[in-house]
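The values are calculated or read from the model by the stated rules, or taken from the named source; none is laboratory data. These numbers come from a predicted model, not from an experiment. In this analysis, Cβ positions are derived from the backbone assuming ideal geometry, glycine residues included, and neighbour counts consider all displayed protein chains. For the accessible areas, the whole protein counts, side chains as well, though only heavy atoms, and no ligand, DNA or RNA atoms are used. Shrake-Rupley method; radii C 1.70, N 1.55, O 1.52, S 1.80 Å.
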Amino acid sequence: MKTKNLIYYALISSIFLFSLVSIWKILVTLQGVELKNFNFEIIITLGIAISLLNLIIGEKLNYLIKSTLFAFIFTFVDGYIVQVMPVWYNIGIFAILIFFTLKINKYSQKYLASEHSSQIVIFDFLTLFGIVLFSFVILFPFYMMLITSFKTQAALLINPLDFSINFKQDFKELFKSYFVIFDTYKFGRYILISTFVSVGTVIVTLLFAIPAAYAVARLNFFGKNFLSTSILIIYMFPAIVLVIPLYTVFSQLGLRNSVGGLLIVYTATTLPVAIYMLQGYFRSIPKELEEAAIMDKLNWFGIIIKIILPLSIPAISSVALYVFMIAWNEFLFSLMFLDNPNSFTLSRAIQYLSGDAETPRQYLMAGSVIVTIPVLLIFVYFEKYLVSGLTAGSVKG
Amino acid sequence: MSDTLSKIEKRTAYILILPAVFLVFSIILFPIFANVWISFKEVGLKDIRIPEPRAKKIVKSIKDNPDQLKVIYKLRNSSLILEIRDVKLQDKLPKNIKPINLDERCRVKSNKIYCDFGNWEAKYKENFQILLKSSDGKQINKKELKTIKPKLTGKSDNILLNTNFTLKNFKKVFFQNEFFDLLSTTFYYTFFGTIGSIVFGILTAQLVNQKFFGRTFMRSVLLFPYVGPVVALAYTWELLLDPYSGTLNNLLMNFQVIQEPLNLLGQKYLTINFFGFDLKLRLALTTVIIFEIWRYFPLAFLFILARLQAVPKELYEAAEVDGAGPLQKFISITLPQITAVISILFMIRFIWNFNKFEDIFLLTGGASGTRTLPINVYEQGFTISDIGMGSAVSIVIVALLLLFMFVYFKLIGKRADEN
């Protein structure tokens, strides 16, 4: 056993343990429990002790007994000697320790003697650490958004760290922010407008994109190569440079503040990527099918309707989902074009709400939850189809 | 025979692509050219409203004279700046009603009044009156008269269409707009955001490429920031980072990491004492960059993960036989395999970050040292209401992007030649 490997192993495992315990402590603090210190020294010392003991005991004890023993000792020291904590806190610590000791169980004195073991230990723990940390960093804002929408202004001011929800209170009290934004701020209307714009964009985009994609994928015409490269270049072009000319022209045509104007812009901005994705798929459909159709004297309209469409349902639905998500999330154009509250989309409405400094934050968060939930649901549910499209670069941003 | 077939094919192709091409041309390409045009003009936000002649029709009855009525048209020019030429009014009269003592600018022809008002200067106002008399002695139906709306037409200059050009906007962009400050902020934001999102993309892709419990779930979760609506996420972060009631500051103070709350989005500089040297950190800019990395690393993650999964397993097995450790495997196998993806990602993310507007706008509004070029487009155009300036800044953005792409492809092209 090399000393260097041993030191790495003990230090890294205890730092990992410390970060796990600290994240748990943060979450506990957010439930209103008073906890002022991470106790860095104590946890690290305990961690080093446990990882070394693990090596010394080795396989003399059954690994389950060993884990339970370590977990029990740690929990006792942390939850009763250093500070007295509620039982549910200690249960969490106990679970973390069981997880941790099971993870370090695979390291033995023999294992640490091999050449690259310190690197492997580092990589193992970095992986675990990465999983925990990234999940925490990513999910925390979403968690906060959800919880804040259930709190009251007073509770938020008294203790900004108290994220606990009182489920015993009245249903109406709990969902108060949601009732308020629907009653006072007309969010029902905004949901309808957003849905209408997004679904409309999907339909119009598909109507325009399917024939164009078919032509690019199958037919020979002058300027075809130029067209297919320019689709990608146009897609890279920034929306911010379109804003001023579109604003002026739309003002003069009276298209500002109209859902129709928004629909046109959304369709145009999503068309390039829709055509790009669809033509890629159309190319993969065997040509023989169409040749047979031409023999049967079907015209192009017939070919698209009767052959291409039924075969490319998966591609079309994934394009549709994308376009929906892009249109639903879009903010820049809705900010520029809409200044009449009667034609706001959800995103614009939330931004408008926040413009008033008096607006309680839980209303803002309730609105945010409403605008976020549909996209996340769609995304999680259809993830398999969507991930491949994402790699094709379909969501710009 | 085949000749006609290919002709038909061509014609069909053009019919199929025409709607899409037309739409993309008018909404995406036309504005880019229009930007060039507008950027050479002095146009304010108020100038882009086309001046309109307007008339409000008021019907009044006259005392002691039930078969007569007075119609007042409140005429005005809607523009405060531009004149309207050849204003014409046209209004319909119900049957059996005739005007008396008609103004000399007007004439009646088959139940319609036509008036020629000539030119109206800016802010022009007039109360124009017509006396109406029923020709058959019956009482005039006031309601019917009210519901008929007069039609007004007139010609006016559209400030956007005339050919007065000026270089003023560009002079202002480069010399009165703290241009180099803007440029450096934009560059920091773009560069560090891009590098950061790629680094985190590599880390997370490496992570998810291993087998562990809950891996598919992890992959979905990692993409959440990318697919969530920017408005919701930006406001959540704003709440999280708030100096007084924000969770982050309260947590840090609770665990005694910091003594005073940090205004992460509202403070331009943070002085850090580093071994006796005072380092000035652009605090708000750093926070905005961190948000950007948080939101956009998933794209890098997905691209790199897809590439990693295509790397043949044998390579790693062979390396293991040769006694390579994890670090060595990463450096000599993984990195060379993903350089191509990284260089594409670098370009895409650089271009998109360079044009990022919403994120900064929602988080800081461009205050406390986070003003980038896209934010400046909005500020010039809509806060200061100088459309011409906004367009000029847009043109600068497009020019810089084209320059970047040119340099990038030169470099990449060279590297490709060398290999």
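Considered as a group, the residues in the range A:261-320 that are free of Cβ contacts under 8 Å to residues at least 12 places away in the same chain and β-branched (V, I, T) include one that is nearest to A:N340 (Cα to Cα), and that residue is A:I264. Screening the range A:283-397 for helices (runs of 4 or more DSSP H) wholly inside it with 2 or more residues that are open to solvent by less than 20 Å² (accessible area, probe 1.4 Å) and in contact with a Ser or Thr (Cβ under 7 Å, 6 or more places away or on another chain) returns the ranges A:313-329, A:346-355, A:361-381, A:383-391. Looking at the range B:260-275, can you tell me whether even one residue there is part of a loop (DSSP other than H, G, I, E, B), open to solvent by less than 50 Å² (accessible area, probe 1.4 Å), in contact with a strand residue (DSSP E or B) (Cβ under 8 Å, 6 or more places away or on another chain) and away from chain A (no Cβ under 11 Å)? Yes, there is a match, as at least one residue in the range B:260-275 is part of a loop (DSSP other than H, G, I, E, B), open to solvent by less than 50 Å² (accessible area, probe 1.4 Å), in contact with a strand residue (DSSP E or B) (Cβ under 8 Å, 6 or more places away or on another chain) and away from chain A (no Cβ under 11 Å).
Kindly indicate whether A:F129 is among the hydrophobic types (A, V, I, L, M, F, W, C), closer than 30 Å to B:Y235 by Cα and assigned to a loop (DSSP other than H, G, I, E, B).
no
This table checks each residue for (1) assigned to a helix (DSSP H, G or I); (2) modelled with pLDDT under 85; (3) surrounded by 17 or more Cβ atoms within 10 Å (Cβ to Cβ).
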site: A:K4; (1), (2), (3): yes, yes, no
site: A:I7; (1), (2), (3): yes, no, no
site: A:L20; (1), (2), (3): yes, no, yes
site: A:V28; (1), (2), (3): yes, no, yes
site: A:E34; (1), (2), (3): no, yes, no
site: A:T45; (1), (2), (3): yes, no, no
site: A:I56; (1), (2), (3): yes, yes, no
site: A:K66; (1), (2), (3): yes, yes, yes
site: A:Y80; (1), (2), (3): yes, yes, no
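Residues are listed down the side, and each one gets a yes or a no for (1) at the interface with chain B (Cβ under 9 Å from one of its Cβ atoms); (2) not β-branched (V, I, T):
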position: A:D170; (1), (2): no, yes
position: A:S198; (1), (2): no, yes
position: A:V216; (1), (2): yes, no
position: A:F226; (1), (2): no, yes
position: A:T229; (1), (2): no, no
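So which residues in the range B:1-32 are hydrophobic (A, V, I, L, M, F, W, C), farther than 21 Å from A:A217 by Cβ and within 7 Å of chain A (Cβ to nearest Cβ)? Those that are hydrophobic (A, V, I, L, M, F, W, C), farther than 21 Å from A:A217 by Cβ and within 7 Å of chain A (Cβ to nearest Cβ): B:I27, B:I28, B:I32. Kindly evaluate B:T334 against the criterion of being within 30 Å of B:L264 (Cβ to Cβ) and within 14 Å of chain A (Cβ to nearest Cβ). When the stated conditions are applied, B:T334 does not pass them. I'm told B:Y296 meets every condition in (1) surrounded by fewer than 23 Cβ atoms within 10 Å (Cβ to Cβ); (2) within 14 Å of chain A (Cβ to nearest Cβ); (3) within 21 Å of B:T204 (Cα to Cα); (4) not hydrophobic (A, V, I, L, M, F, W, C) except one. Can you identify the failing condition by its number? Every listed condition holds for B:Y296 apart from (1). Looking at A:Y281, A:Y276, just one residue is more than 11 Å from chain B (Cβ to nearest Cβ) and in contact with a Leu (Cβ under 7 Å, 6 or more places away or on another chain), and that residue is A:Y276.
Having 3 or more residues that are hydrophobic (A, V, I, L, M, F, W, C) and farther than 30 Å from B:D386 by Cβ is the bar; report the helices (runs of 4 or more DSSP H) wholly within the range A:151-267 that clear it.
On the way: elements: A:153-158, A:171-174, A:176-183, A:187-218, A:224-236, A:243-253.
The qualifying helices (runs of 4 or more DSSP H) are A:153-158, A:176-183, A:187-218, A:224-236.
Right, A:F208: crowded, with 17+ Cβ neighbours inside 10 Å, at the interface with chain B (Cβ under 7 Å from one of its Cβ atoms) and of a type in the set (F, W, Y) or not? It would help to see each step written out before you state the result.
Values: crowded, with 17+ Cβ neighbours inside 10 Å: yes; at the interface with chain B (Cβ under 7 Å from one of its Cβ atoms): yes; of a type in the set (F, W, Y): yes.
It is true that A:F208 is crowded, with 17+ Cβ neighbours inside 10 Å, at the interface with chain B (Cβ under 7 Å from one of its Cβ atoms) and of a type in the set (F, W, Y).
For the range A:356-363, the condition holds for no residue, the condition being that it is of a type in the set (S, T, N, Q) and within 28 Å of A:A209 (Cα to Cα).
For the range B:152-202, what are the residues that are surrounded by 17 or more Cβ atoms within 10 Å (Cβ to Cβ) and outside any helix (DSSP H, G or I)?
Listed by number, the residues that qualify are B:L152, B:G154, B:S156, B:I159, B:L160, B:N177.
The single condition among (1) open to solvent by 40 Å² or more (accessible area, probe 1.4 Å); (2) over 30 Å from B:V43 (Cβ atoms) that B:D91 does not meet is (1).
The set of residues in the range B:78-91 that are in contact with a Phe, Trp or Tyr (Cβ under 7 Å, 6 or more places away or on another chain) and of a type in the set (A, V, I, L, M) comprises B:I84, B:V87, B:L89.
Filtering B:K356, B:K313 for residues that are without any contact (Cβ under 8 Å) to a residue 60 or more places away in the chain and charged (D, E, K, R) leaves a single hit, B:K313. Residue count for the range A:123-144 satisfying the condition of being surrounded by 18 or more Cβ atoms within 10 Å (Cβ to Cβ), hydrophobic (A, V, I, L, M, F, W, C) and more than 7 Å from chain B (Cβ to nearest Cβ): 3.
Could you tell me how many of the residues in the range B:312-334 are open to solvent by less than 10 Å² (accessible area, probe 1.4 Å) and at pLDDT 85 or above? Step through it out loud before you land on a result.
As a first pass, look at the range B:312-334 and keep what is open to solvent by less than 10 Å² (accessible area, probe 1.4 Å): B:325, B:334.
Subset that is at pLDDT 85 or above: B:334.
Count: 1.
Condition first: in contact with a Phe, Trp or Tyr (Cβ under 8 Å, 6 or more places away or on another chain) and within 11 Å of another protein chain (Cβ to nearest Cβ). Can you find one or more residues in the range B:173-187 that meet it? No, because not a single residue in the range B:173-187 is in contact with a Phe, Trp or Tyr (Cβ under 8 Å, 6 or more places away or on another chain) and within 11 Å of another protein chain (Cβ to nearest Cβ). Given the structure, is B:G228 surrounded by 22 or more Cβ atoms within 10 Å (Cβ to Cβ) and within 10 Å of chain A (Cβ to nearest Cβ)? Considered against the rule, which asks whether it is surrounded by 22 or more Cβ atoms within 10 Å (Cβ to Cβ) and within 10 Å of chain A (Cβ to nearest Cβ), B:G228 comes out as yes. Within the range A:100-108, is even one residue open to solvent by 80 Å² or more (accessible area, probe 1.4 Å), at pLDDT below 85 and either among the hydroxyl-bearing types (S, T, Y) or in a helix (DSSP H, G or I) (or both)? Checked the range A:100-108: at least one residue is open to solvent by 80 Å² or more (accessible area, probe 1.4 Å), at pLDDT below 85 and either among the hydroxyl-bearing types (S, T, Y) or in a helix (DSSP H, G or I) (or both).
Select from the range B:38-77 the residues that are within 14 Å of chain A (Cβ to nearest Cβ) and either touching a Phe, Trp or Tyr at 6+ places or on another chain (Cβ under 6 Å) or surrounded by fewer than 14 Cβ atoms within 10 Å (Cβ to Cβ) (or both) and write down the one among them that is farthest from B:Y378 (Cα to Cα).
Taking the range B:38-77 first, the residues within 14 Å of chain A (Cβ to nearest Cβ) are B:38-52.
Now restrict to residues that are either touching a Phe, Trp or Tyr at 6+ places or on another chain (Cβ under 6 Å) or surrounded by fewer than 14 Cβ atoms within 10 Å (Cβ to Cβ) (or both): B:40, B:46.
Values: B:F40: 18, B:K46: 15 Å.
Here the answer is B:F40.
When restricted to residues that are within 26 Å of B:E52 (Cβ to Cβ) and open to solvent by 50 Å² or more (accessible area, probe 1.4 Å), the range A:258-282 contains 1.
Just to check your reading of the model, which residue among B:L182, B:L248 is of a type in the set (A, V, I, L, M), assigned by TED's automatic domain parsing to the domain that holds B:L362 and under 28 Å from A:M365 (Cβ atoms)? Before you say what the answer is, go through the steps one by one.
On the way: B:L182 fails: under 28 Å from A:M365 (Cβ atoms).
Of the residues listed, the single one that is of a type in the set (A, V, I, L, M), assigned by TED's automatic domain parsing to the domain that holds B:L362 and under 28 Å from A:M365 (Cβ atoms) is B:L248.
In the range B:364-388, the residue that is nearest to B:Q267 (Cα to Cα) out of those that are open to solvent by less than 10 Å² (accessible area, probe 1.4 Å) and aliphatic (A, V, I, L, M) is B:I375.
A residue that is facing chain B (nearest Cβ under 9 Å) and either surrounded by fewer than 22 Cβ atoms within 10 Å (Cβ to Cβ) or of a type outside the set (F, W, Y) (or both) can be found somewhere in the range A:148-155.
Going by the conditions given, is B:L145 in a helix (DSSP H, G or I), surrounded by 13 or more Cβ atoms within 10 Å (Cβ to Cβ) and at pLDDT below 85? Reasoning before the result, please.
On the way: in a helix (DSSP H, G or I): yes; surrounded by 13 or more Cβ atoms within 10 Å (Cβ to Cβ): yes; at pLDDT below 85: yes.
When the stated conditions are applied, B:L145 passes them.
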